[in-house]
Amino acid sequence: MRSGSARVSTLLADPDGSLWIGVVGSREVLWRRRTDGSIDAYPLPFISGGRSRLALAVDPRGGILVGWTNQRIERIESDGTMSTLIVVDRLDDAYVRDLVPDARGQLWAATFDGLARQGTDGSWRTFHTADGLPGPLVEAAVVDPADGSVWVGAGPTQPDFSSTRREGGLCHLVGDGPCQLVDVPDMAAGEGVRTVALDNAEGIWLSTYEIGKRGGHVGTGVHRRDQAGQWAHYDASDGLPSNEVRAIAVDASGNIWFATHKGLGHLVPARVQSGASWLNDSVRSLIEADDGGAWTTLTMADGLPSNEIRTVSIAPDGALWVGTADGVSRRGGDGTWRSWGTSQGLSAPIVVDIAFDPVGNAWLATTGGGVSVLLRQW
């Protein structure tokens, strides 16, 4: 499926087996590919000029939610009808970056102007800096399955090099708040949180950045808080391939994977090293982590098609999938890699998102080539 001059930004597989494809460009469109192969198109009532991505989520009440500009969220019902949810009264140029449903039936929306929550009664509340957020630009929100609380990562809206403290950081929201600011010891004033992830040992991971003097984001590595509340900071000097971490994924065995533009970072915590399949990798960099774990860096020398990692995802069968600037790779349980690129039928080399349907097929969002599908053959 190709999308002309537009680009695919987001993929979502729903419980019914349909694949939802968010396309941005001169006008936003949401495509739905049903299990019988038929395709429906849902033109969306907003235009971005292709500047960013659509946020997609399965609505706990049924249907699909899509978030975008003006802090609007559209709900597409199972019969295809569309309704609009307005998060807040301010309809300025504030995008919905991410949508996160929780187990209680609430919906959380990370936006450029705060964190919004829709309660089970359908009412909305938005949390701002006055409610404890470390900044208005919410980059990431993760619901803790243990207690339903929310870890909120915010980024700086603009650099202010004359200030001793700039916007950005992490806070923890319990109930109606306020969101409690979390002191991350090695996080400098004004650094932003790009990604928040939870591991299976009750740890919290952050990838962070700062705004450079010439503009643009400059990665500053990752931070982890363990179960006891102790923080550690890791950067390229500790074993990360690069300080610029685009995504973090945690597999069922507790391995942590980091997408960077200089390779795939891999941390094997000490508790899972015994018998771990990472020993099968051709390790190009091996550095002992502070907790006794081991860092590795996987690159083209280890079978990846490119060192520039765009996304990393764990499939339902536990396999690791890596989207790169020159194709996609799958790492099986025995530690071996298999890759696909344009010579194997991929519509374009750059893979920015990966989704899996109930049958196990892998759907790949590419830059400039629409969506490719890899039929399960592994």
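For the reader, a short list of remarks on this structure follows.
- Mean-position separation - Cα centroids, the range 327-378 and the range 96-116, in angstrom: 28 Å
- Karplus 3J(HN,Hα) series, Hz, for the range 298-305 with 6.51 cos²θ - 1.76 cosθ + 1.60 (x for Gly, Pro): 9, 9, 4, 5, 9, x, 6, x
- The trypsin sites (Lys or Arg not before Pro) found in the range 287-378 that occupy coil by DSSP, while having at most 16 further C-beta atoms within 10 Å, are R376.
- In plain terms, the chain from H172 to E77 could stretch by 31.0 nm, reckoned as 0.36 nm per residue minus the Cα-Cα distance.
- Rounded FRET efficiency, nearest 0.05, which uses the C-beta distance separating A201 from D317 and R0 of 25 Å: 0.65
- Taking amide hydrogens as placed 1.01 Å from N in the peptide plane, the amide H of G190 sits under 5 Å from those of R166, each at least 5 positions away in sequence or on another chain.
- Karplus-derived HN-Hα couplings along the range 247-263 (A = 6.51, B = -1.76, C = 1.60, θ = phi - 60°), whole Hz, x at Gly and Pro: 7, 10, 10, 10, 8, 5, 7, x, 5, 10, 10, 10, 8, 9, 8, 10, x
- Among the trypsin sites (Lys or Arg not before Pro) in the range 181-217, those placed in a DSSP loop whose Cβ has at most 10 other Cβ atoms within 10 Å are K213, R214.
- Residues whose placed amide H lies under 5 Å from that of L304, excluding near-sequence neighbours: T299
- Under-5 Å amide H pairs with S149, H placed in peptide plane, nonlocal only: D144
- Multiplying the residue separation of W378 and T35 by 0.36 nm and removing their Cα-Cα distance gives an extension gain of 121.4 nm.
- Net lengthening on full extension, K262/V218 (0.36 nm per residue, minus Cα-Cα): 14.4 nm
Bear in mind these aren't lab numbers, they're just calculated from the coordinates by the rules spelled out. Computed from a predicted model, the values in this text were never measured in an experiment. Cβ sites come from the backbone with ideal geometry, for glycine too, and all protein chains shown count toward neighbours.
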